[in-house]
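Okay, so here's the structure we're looking at.
The values are calculated or read from the model by the stated rules, or taken from the named source; none is laboratory data. Note that this is a predicted model, so its numbers are computed, not measured. No Cβ is skipped: glycine too gets one built from the backbone with ideal geometry, and neighbour counts run over all protein chains shown.
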Amino acid sequence: MPWFLIAQRLGIALLTLIVVSFAVFFATELLPGDVAEILLGQAATPEAVAGLRDAMGLDQPALSRFIGWLIGLLGGDFGTSYVNNMPVAELIGGRLVNSLKLAGLTTLLAVPVALTLGISAAMWRNSIFDRIISMLTISVISVPEFMVATLSVLIFAVWLDWLPALSFGVNVDSWSAILRAYAMPVITLGFVVSAQMIRMTRAAVIETINTPYVEMALLKGASRSRMVLRHALPNALGPIANAVALSLSYLVGGVIIVETIFNYPGVAKLMLDAVSTRDLPLIQSCAMIFCVSYLLLITLADLVAILSNPRLR
């Protein structure tokens, strides 16, 4: 029954989230340096450090602090920043909007391009077009995100002087300025996400083309485009949706690198700044946002695969 499988997958996702929260909390606890000493400076006395640790609750056992932190997360309380003495939710709020804008623009650019190229490559399999697309996608996948971002800065900002090297280091009071500000990070993320999506879409369509009922349509005189668009593509929508969700999950890791290189004011940049000051509540909350985003995309891919399977329906 599909509903049993869906409930089972959601239960696994919830259990995974609990395990991830445990890993995030205790991984941040292993960061070198004492938060109280960093905040007070090297000239702080041991009594002052001990008093601050007591006021911040750092003298409590790690397990009890983890349980309190987890209960707060479930209630929507992300805690208070050690450095800014502000609610973490307020610090993340504006940055999260910026990261969602970047991810949304990348999705709007990458998904249509990737699906078009992936389906076209499958339609004309083993042609020159298919070989060029396959070669380009393998090349992009083989290059890490930071290298793509660095090359983009070198070519478009340094050599050609078309785009600014920093995303928000320019005046954004017009639509053209906004496009210039977002162009570099969106193009960098779009390259990486599209390459994965093209390969997975091509593989899903080719697998459907090789089924007997699609081959029978070709034997009955259907054109190649009709065979793919009318017979193969509707039955490949499930795997394609799964490929889109899995490919978009790469945004989670890519955003961290891209925001850092282009100085984009998003959640990833905020988390990296918090690491340098050992602001544990801020680090933990930002890390959980990325983990939850990745888990949601993976779970969505699994649910689409379940619902799109006619045998399960």
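How many residues does the stretch 108-138 contain that are within 19 Å of GLU207 (Cα to Cα) and among the aliphatic types (A, V, I, L, M)?
Result for the stretch 108-138: 8.
Taking into account only those residues within the stretch 251-282 that are more than 25 Å from TYR182 (Cβ to Cβ) and surrounded by fewer than 24 Cβ atoms within 10 Å (Cβ to Cβ), which is nearest to the chain's Cα centre (by Cα)?
The qualifying residue nearest to the chain's Cα centre (by Cα) is VAL275.
Would you pick out the residues in the stretch 65-96 that are without any contact (Cβ under 8 Å) to a residue 60 or more places away in the chain and of a type in the set (Lys, Arg)?
The one that is without any contact (Cβ under 8 Å) to a residue 60 or more places away in the chain and of a type in the set (Lys, Arg): ARG65.
Is it the case that the stretch 62-71 has a residue that's of a type outside the set (D, E, K, R) and at pLDDT below 80?
Checked against the condition, which is being of a type outside the set (D, E, K, R) and at pLDDT below 80, the stretch 62-71 yields at least one hit.
For the stretch 18-47, what are the residues that are in contact with a helix residue (DSSP H, G or I) (Cβ under 6 Å, 6 or more places away or on another chain), modelled with pLDDT of 75 or more and of a type in the set (A, V, I, L, M)?
The answer is VAL20, VAL24.
Which ones in the stretch 193-220 are within 21 Å of ILE132 (Cα to Cα) and in contact with a Ser or Thr (Cβ under 9 Å, 6 or more places away or on another chain)?
Of everything in the stretch 193-220, those that are within 21 Å of ILE132 (Cα to Cα) and in contact with a Ser or Thr (Cβ under 9 Å, 6 or more places away or on another chain) turn out to be VAL193, SER194, ALA195, GLN196, MET197, ILE198, ARG199, MET200, THR201, ARG202.
What number of residues within the stretch 127-153 are farther than 13 Å from ARG199 by Cα and modelled with pLDDT of 85 or more?
Within the stretch 127-153, residues that are farther than 13 Å from ARG199 by Cα and modelled with pLDDT of 85 or more number 3.
Suppose we filter SER142, SER99, SER134 for residues that are without any contact (Cβ under 8 Å) to a residue 40 or more places away in the chain and among the small types (Gly, Ala, Ser); which single one remains?
SER142
Suppose the filter is part of a helix (DSSP H, G or I), at pLDDT 85 or above, over 22 Å from THR188 (Cα atoms) and of a type in the set (A, V, I, L, M, F, W, C); does LEU233 pass it?
In short, no.
Restricting attention to the stretch 170-209, and to residues there that are over 30 Å from SER225 (Cα atoms) and among the small types (Gly, Ala, Ser), which single residue is modelled with the highest pLDDT?
Checking each candidate, the answer is ALA183.
Within the stretch 66-81, can you find the residues that are closer than 17 Å to ARG278 by Cβ and more than 27 Å from the chain's Cα centre (by Cα)?
Across the stretch 66-81, there are no qualifying residues.
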